[in-house]
1. HN-Hα J couplings of the stretch 39-54 from phi, Karplus 6.51/-1.76/1.60, θ = phi - 60°, integer Hz, Gly and Pro as x?
2. Taking loop as defined by DSSP and a crowding limit of 12 other beta carbons within 10 Å, which trypsin sites (Lys or Arg not before Pro) in the stretch 73-127 fit?
3. Which of rounded, prolate or oblate describes the stretch 23-138 when judged by the alpha-carbon gyration tensor and an a/c cut-off of 1.5?
4. Only loop residues by DSSP count here, and only those with at most 14 other Cβ atoms within 10 Å; note down the chymotrypsin sites (Phe, Trp or Tyr not before Pro) in the stretch 50-138 that meet that.
5. From the phi of every residue in the stretch 63-76, what ³J(HN,Hα) in whole Hz does the Karplus formula 6.51 cos²θ - 1.76 cosθ + 1.60 yield, where θ is phi - 60° and glycine or proline is x?
6. Taking amide H positions as placed 1.01 Å from N in the peptide plane, with prolines and chain starts having none, which residues 5 or more places from Glu103, or on another chain, fall under 5 Å of its amide H?
7. What are the trypsin sites (Lys or Arg not before Pro) within the stretch 22-51 that DSSP puts in a loop, where the Cβ has at most 16 other Cβ atoms within 10 Å?
8. Charges at C-beta only: +1 for Lys and Arg, -1 for Asp and Glu. How large is the resulting dipole of the stretch 38-115 about its Cα centre, in Debye rounded to 20?
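Where a number appears in this text, it was derived from the coordinates with a stated rule and is not lab data. It should be emphasised that the depicted structure is a prediction, and the values quoted were computed from it without experimental measurement. Counting neighbours? That spans all protein chains shown, and the Cβs are built from the backbone with ideal geometry, glycine included.
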Amino acid sequence: MTDCFVKSTMGKSKQTGNHNNGRKKNIAKTWKTKRRTKDLDQIHSDMKPDIAAKLLHQEVDYDVTGCAQHYCLHCARYFVDMKSLKDHFKSKVHKKRLKQLREEPYTQEEAERAAGMGSYIPPKTVEVKTQSVEEDME
């Protein structure tokens, strides 16, 4: 909101339009952080076999979407049911995330090499495939 000033007859300005008492919220920051997901390096650490097994086979938690039974490891998202998880695997968002995860995460050694403390080594590619879906027949 911009403050509006109205010129009075005496030459003194009067402030109007200040209904929020001068508090201005950064709306851009609010929108950017509203649906923030895990960063790529965090997902790479979650893709280690022991951690991945824990995330894919979680206990039933009624506070999480889908009772924490349908989880996309690469996008760090929970889904309501198996059908929506399978639909997600075919989506553009999931495929784009898999493409981003192919490059290995940025490390401290790479930062030091970029600062001139070593020779440049290009990042390696990591083989990333969509997780296997296990349908439980109840």
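1. Values, residue by residue: 6, 5, 5, 5, 5, 4, 5, 6, 7, 5, x, 5, 6, 4, 5, 5 Hz.
2. Taking the stretch 73-127 and a limit of 12 other Cβ atoms within 10 Å, the loop trypsin sites (Lys or Arg not before Pro) found are Lys90, Arg102, Lys124.
3. Working: a/c = 2.28, a/b = 1.39, b/c = 1.64.
The shape class here is oblate.
4. In loop regions of the stretch 50-138 (DSSP not H, G, I, E or B), the sparsely surrounded chymotrypsin sites (Phe, Trp or Tyr not before Pro) are Tyr62, Tyr106, Tyr120.
5. Whole-Hz 3J(HN,Hα) from phi for the stretch 63-76: 7, 9, 4, x, 6, 6, 9, 10, 10, 8, 5, 7, 9, 6.
6. Val126
7. Loop-located and lightly packed - Arg23, Lys24, Lys25, Arg35, Arg36, Lys38.
8. So the dipole magnitude of the stretch 38-115 works out to roughly 640 debye.
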